[in-house]
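What follows is a short report on a single structure.
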Amino acid sequence: MKVKVEVTFRMGGVSYRGHRWEDDVLVFEFERLGDAFIQVLSKRVVEGEVEREPAKVLVELRTKEGGKIFGALKEGGVYRAIEP
């Protein structure tokens, strides 16, 4: 089955790195590792092929300063998240 995630980031320069399972939680991995970024809302839509329905979907954003993990809510078959 495919899981589709739509994430709105606060800055540009974000790359998708893949997804992984943590028990029954599906984590979509992104990173922003440069030094300067455009400070505009940036939307990324990705799909992952998975073998089962996740109990929860999280988005992990790695940055030079560390990172953030935030949740995605399912709306109409698409998981949506906004970078805090």
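The table below gives the values:
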quantity	calculated
Qualifying position, being of a type in the set (A, V, I, L, M), in contact with a Gly (Cβ under 6 Å, 6 or more places away or on another chain), closer than 21 Å to Ile82 by Cβ and surrounded by 11 or more Cβ atoms within 10 Å (Cβ to Cβ), among Val27, Val14, Val7, Val3	Val3
Residue pairs meeting the criteria (Cβ under 6 Å; at least 6 apart or on separate chains; first modelled with pLDDT under 95, in region 54-65; second in a loop (DSSP other than H, G, I, E, B) and among the hydroxyl-bearing types (Ser, Thr, Tyr))	none
Qualifying positions in region 30-63 - within 12 Å of Ala81 (Cβ to Cβ), in contact with a Ser or Thr (Cβ under 7 Å, 6 or more places away or on another chain) and either in a loop (DSSP other than H, G, I, E, B) or open to solvent by 80 Å² or more (accessible area, probe 1.4 Å) (or both)	Lys43
Filtered residues of region 40-55 (kept if more than 17 Å from Lys68 (Cα to Cα) and more than 9 Å from the chain's Cα centre (by Cα))	Val40, Glu47, Gly48, Glu49, Val50, Glu51, Arg52, Glu53, Pro54, Ala55
Test: residue in region 8-28 that is of a type in the set (A, V, I, L, M) and at pLDDT below 95	yes
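The values are calculated or read from the model by the stated rules, or taken from the named source; none is laboratory data. These numbers come from a predicted model, not from an experiment. In this analysis, Cβ positions are derived from the backbone assuming ideal geometry, glycine residues included, and neighbour counts consider all displayed protein chains. Side chains are part of the model used for accessible areas, which takes the heavy atoms of the whole protein and leaves out ligands, DNA and RNA. Shrake-Rupley method; radii C 1.70, N 1.55, O 1.52, S 1.80 Å.
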